[in-house]
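Notes to accompany the following structure.
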Amino acid sequence: MILAVILIPALIAMAMLNSMPASRVLTRLYVPCVMFIPVYMTWGIGGFTLNDTTPVLLILCAAGLVRWHNTLRFTFVDLCVLLFAFSAFYADAHLRPVTIGLYVLCQNFAACALPYFVGRTLIEQTNSRREFAKSLVFCLAIVGLTGLYEYRMERNLFNEAVWKLGVQNIMGLQTRWGYARIAGPFGAAILAGMMFTTGLLIQLWLAGTKSWDGAKTLRLLPASRRGKAMTLCVCLGLFLTQSRGPWLGCLFGLIVAAIGFAKDRRRAAILAIGGLTVALIVTAVVLSRYTSEKAYSAAGEGDAEQQDAAYRANLIPLYTPLIEQGGLWGWGTPQVHFRGEVGYLAGQTSIDNEFIRVAMAQGYFGAGVFVLILVGSAYRAARLCATFRNRQDFLLAYCLLGTTLALAFTLTTVALLDPMTQISFMIFGWTQSLRPTGNEQEALAPSATGPFAFKRVFA
């Protein structure tokens, strides 16, 4: 039953491709599937876990590369994504049977490389950036509104739906400050927070370019309020997750994205860099004191929030010796071969830090490549921020830069898991393919108006 449900989106995708381009399948099928079908809908095939979006991504990636491969210029980040998949394979293959490495390779390729090359080929080349962004934000707005029910009634409608289909490995409800933390279909509240953060930063671009004014799906609202309504719904979802890491990451991302809306972007960038530097230093000092042994003892064992923060702070000193022992290729992926029992410390089996998790599983090589993917994506977006002259282009570049930096910060507090892995790498691919549109109002020099607008002067 579960396998049949998982394969339905792939069958629909193949049928849709007969009547519409792959870019529309991306926005009309893939995005709703990844946003509404719970992450627990998976089917194990050996050591490979198949979810509902993997076959769809495979179809879309093939369609995009066949159609647009001639337009692509191979980039450094492209190479890093492929090396990241290779490191996942070799980290297991050199320690265990090659079949284990192949399972891990398929898993990594499905979660990272496929969405990356979909974003690389099916958004900019097809002029679908606005449609993709609107589809993503609209779906998140719906999830944010349904979160009111989960927050108040402490019942996750998405989890209840898959539970009736026989899915058992569902994470229980999380609470904080006496209220439920909404997780929606994303598996955990912090992953939902990361998704809403991404959606909010992309919505900032949509609102700045008034992309919702002509939206038919929101025709009941006045045109001037449609963008505000979407922003409010996404902010609501982010707030209801009660996830502090994504909140801080979103704040940093918004500071960066706001540079694009400033009249003097150079001055705003200097202020933003200074502000972010001070904010990071203050955050580091406060967290250091908050998670210190003295403060932890004074708070008592009943302070769950401080326990949670101290747990994450202790990951670095406790796992550093194991990472050093793992060396260049790490310990492989314990979840595949050892069911999570080997390679983790007793009492700290959950590695709530993606950089540590990758360093454990794929060693220095995999962790270094992952950092290069983040740095390369941020560098590409920052470079486009400085070179784009079209308002809608440089606003998008600033928002994608903010998204990447927000993700990098948040990953110090959580592991990168599906569906956030897919959306993150799709955005990385999108960033690599960004190109100027040249059909919107120029930002630096407003168009001439008045009786002499078209007068030609010779001197």
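Read-outs throughout are calculated quantities, based only on the coordinates presented, and are distinct from any laboratory measurement. Remember, predicted model here, so these are calculated numbers, not experimental data. Reconstructed Cβ throughout: ideal geometry from the backbone, glycine too, with neighbour counts over all protein chains shown.
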Expected unfolding gain across D264-L220 under the 0.36 nm per residue rule, minus the alpha-carbon gap, is 12.2 nm
Checking rank on 208-216, 178-186, 126-134, with mean other Cβ inside 10 Å and highest first, the result is 178-186, 126-134, 208-216
Report the local net charge at L434: Lys and Arg +1, Asp and Glu -1, summed over other residues whose C-beta lies under 12 Å from its C-beta.
+3
Normalised convex hull volume, segment 109-225, alpha-carbon set, Å³ per residue
156
To the nearest 10 degrees, how steeply does helix 244-257 sit against the main Cα axis of the chain, on a 0 to 90 scale?
20
Roughly how many whole Å is it from the C-alpha centroid of segment 380-396 to that of segment 21-40?
27
Between A133, P222, M195, whose Cα lies farthest towards the positive end of the dipole of segment 2-433 when Lys and Arg beta carbons carry +1 and Asp and Glu beta carbons carry -1, centred on the Cα centre?
P222
Under a point-charge model restricted to the Cβ atoms of Lys and Arg (+1) and Asp and Glu (-1), what is the dipole moment magnitude of the chain relative to its Cα centre, in debye to the nearest 20?
1920
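What's the ranking of 32-43, 50-61 by average number of surrounding C-beta atoms within 10 Å, highest first?
50-61, 32-43
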At q = 0.07, 0.09, 0.11, 0.12 Å⁻¹, base-10 log of I(q)/I(0) for the chain (Debye sum, equal scatterers on each alpha carbon)
-0.37, -0.61, -0.92, -1.11
Among 7-19, 75-87, 419-431, 246-258, what's the highest-first ranking by average C-beta atoms within 10 angstrom per residue?
419-431, 246-258, 75-87, 7-19
Give the calculated FRET efficiency between Y149 and M171 to the nearest 0.05, with a Förster radius of 22 Å applied to their Cβ-Cβ distance.
0.80
Over the chain: helical MRE at 222 nm, DSSP H runs n ≥ 4 each giving -39500 (n - 2.57), nearest 500
-21000 deg cm²/dmol
By the Kirkwood definition, with r running over pairs of different Cα atoms, segment 1-72 has a hydrodynamic radius in Å of 12.8
